[in-house]
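To start, the structure under review is shown below, and the notes come after it.
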Amino acid sequence: MRLPRMRSTVRRTMVGVAAVALVLWLIRDLDWDRPRSLGIGNTSVPLIFSVCDAGSGAPIEGAMIQLEDPDYADIRSEPPYVVDLSTGRDGRTTFVLEALVYMVRRSSPEWEWRVRYPSWHVRVVAGGYAEFSAAFADYEAERGGGIGFQKGILPPPSPPIEVRLHRRTQPDSAKRASSRL
């Protein structure tokens, strides 16, 4: 059996050379190294908490915020493992965390920086309002990190962590409301 004969034209040769060049360029650009992580030190991260009424949006004065790392709360009761805060008249409070900062090299020449936060459990309590509870990891994505080159202080300012509390309903009025239906 005879193989079909291939004719070589200038166009086919140019397409072949371009395809080989594209494959070689893609191979060169692949990052064959594993991602590297370099610790670059500590930075001060201001965490601003804002507590307000879910219905009206009015700030809640005197709300108690507790940040607790469940892994260390029994062993160490000092910041950053356990933090107790209280909001002021404007419904805000600030905690300055001394956090670890590290850089991760994903692909050349880009670097991604990250701030390491404790694995806090957030609990917010205020008189007349239902208790709020969440993991800090839900808010961490908004605050910790950037991709590429960063000029100035790390990390850049982030928006306040906003907590909206719902008013407690009276048990009697809830029973009356269900009996009317």
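The values are calculated or read from the model by the stated rules, or taken from the named source; none is laboratory data. Just so it is clear, the structure is predicted and the values come from calculations on it, not from any experiment. Glycine gets a Cβ as well: all are built from the backbone with ideal geometry, and neighbour counts include every protein chain shown.
See the values below:
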quantity: Selection count where residues are within 20 Å of Leu47 (Cβ to Cβ), at pLDDT 80 or above and aromatic (Phe, Trp, Tyr), scope the stretch 84-139; calculated: 4
quantity: The stretch 62-83, subset over 18 Å from Val45 (Cα atoms) and touching a residue at least 60 places away in the same chain (Cβ under 8 Å), residue surrounded by the most Cβ atoms within 10 Å (Cβ to Cβ); calculated: Ala63
quantity: Some residue of the stretch 88-97 being at positive phi and not polar (S, T, N, Q); calculated: yes
quantity: Identity of the residue in the stretch 55-84, within 12 Å of Val124 (Cβ to Cβ) and of a type in the set (A, V, I, L, M, F, W, C), that ends up nearest to the chain's Cα centre (by Cα); calculated: Leu67
quantity: Selected residue (criterion: nearest to Gly128 (Cα to Cα)) from residues of the stretch 27-54 that are modelled with pLDDT of 90 or more and of a type outside the set (A, V, I, L, M, F, W, C); calculated: Asp53
